[in-house]
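The values are calculated or read from the model by the stated rules, or taken from the named source; none is laboratory data. Just so it is clear, the model here is predicted, and its values are computed rather than measured. Glycine gets a Cβ as well: all are built from the backbone with ideal geometry, and neighbour counts include every protein chain shown.
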Amino acid sequence: MTTKAISPLRQRMIDDMTMRRMAPKTQQGYIRAVKRFADFFGGSPHKATAEDVRRFHVHLANTIGQIPTMNATMTALKFFFGVTLGRRDVVDGIPFACEPRKLPVVLSPDDVARLLAAAANIKYRAALSLAYATGLRVSEVVSLKLADIDSKRMVVRVEQGKGSKDRYVMLSPYLLTLLRQWWKELEPEIWLFPSYQDRHMSARQLHRICQETAKRAGIKKRVSPHTLRHTCATWLMQAGTDPWQASGFLSMGMETLLRVYGHHHPEYQRQAAENIGRRPRNVRVIA
């Protein structure tokens, strides 16, 4: 079996990313982006100029419909030219496309009840319930181990979640009971949601399960595991949870939390109502 040789330039970039402890998926995405640029350029990317990068940027703008994909590609090129090659002048002038900010899709209590009731089996119901009740990201849900469920402290340990951070999230009595029922069904040994060949369920599997279950439940909204995270965050704010606590549970920046979900919090609604009802200063009312 032969292995394809890695060029010194690519190896240097991999070393730069490894030294910065960048996630494997991030490294793979950066390598793909540089390869895509090299294919467009038609030669080794280290020979490219700022004008070549600009032409590639225009090409992406005309061919790629998804703004996050285009911005992620240019971020990878900024790393390659700025860090690996030390040629920041090539990418300093690259602008990032403005991404429209949309409010997330949130399920109602009735939608959630119908979704969970429509799950094909207890394993799927347990996985979807956990995603909804804890607000975990899909990658965090599928990679949970049995040892992460702490029934004495009523918390779930999330090990090395996004940003390589550990944290704890709440574990409700109902969710604990459901997880115990699921464990008795199969008695998994390591992974909470195992799959084939001693591996855990993949994020793609959970996405498909969620979409198929939503369709079976007759929910017209576009539903994914991340929709359950949005729903959890919204309900936390509606319940008046302290934003600092909610930020810690969700592993989400305070600025993002307040920008996306802050308007659901009773305190923010009260303050907004008071501000609207308050007469502006130095404004004369003409009778």
Residue selected from region 238-280 under the condition small (Gly, Ala, Ser) and modelled with pLDDT under 80, by the criterion farthest from ALA133 (Cα to Cα): GLY277
If I filter region 11-20 for residues that are out of contact with any helix residue (DSSP H, G or I) (no Cβ under 9 Å at 6 or more places or on another chain) and among the hydroxyl-bearing types (Ser, Thr, Tyr), do I get at least one hit? no
If you take the residues in region 233-246 that are small (Gly, Ala, Ser) and crowded, with 20+ Cβ neighbours inside 10 Å, which one is nearest to ALA127 (Cα to Cα)? ALA233
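Using the structure shown, decide if VAL112 is farther than 22 Å from ASP166 by Cβ, surrounded by fewer than 17 Cβ atoms within 10 Å (Cβ to Cβ) and touching a residue at least 60 places away in the same chain (Cβ under 8 Å).
Details: farther than 22 Å from ASP166 by Cβ: yes; surrounded by fewer than 17 Cβ atoms within 10 Å (Cβ to Cβ): no; touching a residue at least 60 places away in the same chain (Cβ under 8 Å): yes.
Answer is no for this residue.
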Residue in region 198-232 that is surrounded by the most Cβ atoms within 10 Å (Cβ to Cβ), counting only those that are under 13 Å from VAL105 (Cβ atoms) and among the aliphatic types (A, V, I, L, M): LEU228
Out of curiosity, is ARG204 within 14 Å of ALA127 (Cβ to Cβ), of a type in the set (Lys, Arg), at pLDDT below 95 and part of a helix (DSSP H, G or I)? yes
With the structure loaded, tell me whether ILE219 is farther than 17 Å from ILE122 by Cα and under 23 Å from the mean Cα position of the chain (by Cα) or whether it fails that test. yes
